[in-house]
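Engineer: Mind having a look at this structure? Questions to follow.
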Amino acid sequence: MDKIRISAVSYTNTKPFIYGLQHTGILQKIDLSLDNPSDCAQKLIDDIADIGLIPVAATLNLKHWEIVSDYCIGAVGAVNSVFIFSNCAIKEVRTLQLDPESRTSNSLARVLLKNYWKDDHLVVMKDADDYARSADQQTAFVQIGDRTFGKKAQYPFVYDLAEEWQKFTGLPFVFAAWIANKPIPHEFMEEFNQSLKFGLDHRAELLKEIPARPDFDFEDYLMHKLNFDFTEDKKEAFHLFLEYVKAL
């Protein structure tokens with residue numbers, strides 16, 4: 001069998017999965033690349049990868065897709081790495097600048113604005129000169145991943161999008177899932193799942209390799225804020241979110 005091409009996100013939230021892939025025998029059977037979420041999705045769309053840990057919203061751009069793992073990047077409540085940062089309350093925001101590395105979180109922000117916060121007057125900008133800088137008091141921005149660490153104290157209004165989704169729907173949220181764009185041999189997927197589980201089971205060892213920082217708790221993030229099991233309620237949330245995205 002040729003090596004399975006796998007694209008995974010290069011953020012801290014993926015480190016347990018990467019640890020498992022790199023510390024088990026499956027590494028010899030895969031061609032692994034680490035990318036930002038948008039590039040990860042594009043590789044699957046362009047058939048440069050066979051399996052990707054891709055943003056949920058990107059599945060809508062695939063001709064064929066199937067969930068191939070028991071694990072995902074999810075959260076039950078606050079995730080602490082996917083935010084809208086703002087200088088004013090969300091109801092007063094008039095321009096929202098999107099994160100160029102994100103698909104799902106940008107879409108989640110738009111879903112919440114339309115259906116939860118019900119703000120019909122807000123302008124969404126995809127191509128701001130500096131998306132992570134508020135142009136004025138009523139401009140906010142979406143940001144995801146490691147770039148958000150330690151940033152909550154810098155803005156008077158901070159909205160954790162996984163937490164806001166749970167307030168809106170009562171469900172957890174799935175940011176990314178292991179998706180294949182073609183049928184993958186069952187034997188490989190069993191071994192793949194075992195490798196991912198190995199990484200999750202060894203998060204304590206992984207944490208020893210991550211340099212500590214005073215403004216962010218990596219142990220709380222990887223052990224508690226992130227929830228990796230692709231449970232039935234997460235699958236329900238997965239499909240509900242896609243329906244909301246289609247209606248945008």
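The values are calculated or read from the model by the stated rules, or taken from the named source; none is laboratory data. Quick caveat: nothing in here was measured; it's all calculated off a predicted structure. Here the Cβ positions follow ideal geometry from the backbone for every residue, glycine too, while neighbour counts run over all protein chains shown. With ligands, DNA and RNA removed, areas are computed over all heavy atoms of the protein, side chains included. Shrake-Rupley method; radii C 1.70, N 1.55, O 1.52, S 1.80 Å.
Engineer: For region 124-240, please list each of the helices (runs of 4 or more DSSP H) lying entirely inside it that holds at least 1 residues being touching a Pro at 6+ places or on another chain (Cβ under 7 Å) and either more than 26 Å from ASP70 (Cβ to Cβ) or open to solvent by less than 20 Å² (accessible area, probe 1.4 Å) (or both).
Structural biologist: 186-201, 203-207
Engineer: Those residues that are among the small types (Gly, Ala, Ser) and outside any strand (DSSP E or B), I need them from region 35-71; list them, please.
Structural biologist: Residues satisfying the conditions are SER38, ALA41, ALA49, ALA57, ALA58.
Engineer: Inside region 141-195, can you point out the residues that are of a type in the set (A, V, I, L, M, F, W, C) and more than 15 Å from the chain's Cα centre (by Cα)?
Structural biologist: PHE141, ALA153, PHE157, VAL158, PHE168, LEU171, ALA180, ILE184, PHE188, MET189, PHE192, listed by residue number.
Engineer: So which of LEU27, LEU44, LEU53, LEU21 ends up being open to solvent by less than 10 Å² (accessible area, probe 1.4 Å) and over 16 Å from the mean Cα position of the chain (by Cα)?
Structural biologist: Among LEU27, LEU44, LEU53, LEU21, only LEU21 is open to solvent by less than 10 Å² (accessible area, probe 1.4 Å) and over 16 Å from the mean Cα position of the chain (by Cα).
Engineer: Taking only region 1-17 into account, find how many residues are surrounded by 21 or more Cβ atoms within 10 Å (Cβ to Cβ), touching a strand residue (DSSP E or B) at 6+ places or on another chain (Cβ under 6 Å) and of a type in the set (A, V, I, L, M, F, W, C).
Structural biologist: 3
Engineer: Right, another one. Anything in region 46-74 that is closer than 21 Å to THR12 by Cβ and of a type in the set (S, T, N, Q)? List them, or say none.
Structural biologist: Listed by number, the list holds a single entry, SER69.
Engineer: Also: Enumerate the pairs (first residue in region 84-97 and surrounded by fewer than 17 Cβ atoms within 10 Å (Cβ to Cβ); second residue anywhere and part of a strand (DSSP E or B) and of a type outside the set (Phe, Trp, Tyr)) with beta-carbon separation below 7 Å, excluding pairs fewer than 6 apart on the same chain, so at least 6 apart or on different chains.
Structural biologist: Short answer, once both residue conditions are applied: ARG94/VAL123; THR95/VAL123; THR95/MET125; THR95/THR139.
Engineer: Considering ALA162, ALA237, which residue is within 24 Å of LYS91 (Cα to Cα) and either modelled with pLDDT of 95 or more or in contact with a helix residue (DSSP H, G or I) (Cβ under 8 Å, 6 or more places away or on another chain) (or both)?
Structural biologist: It is ALA162.
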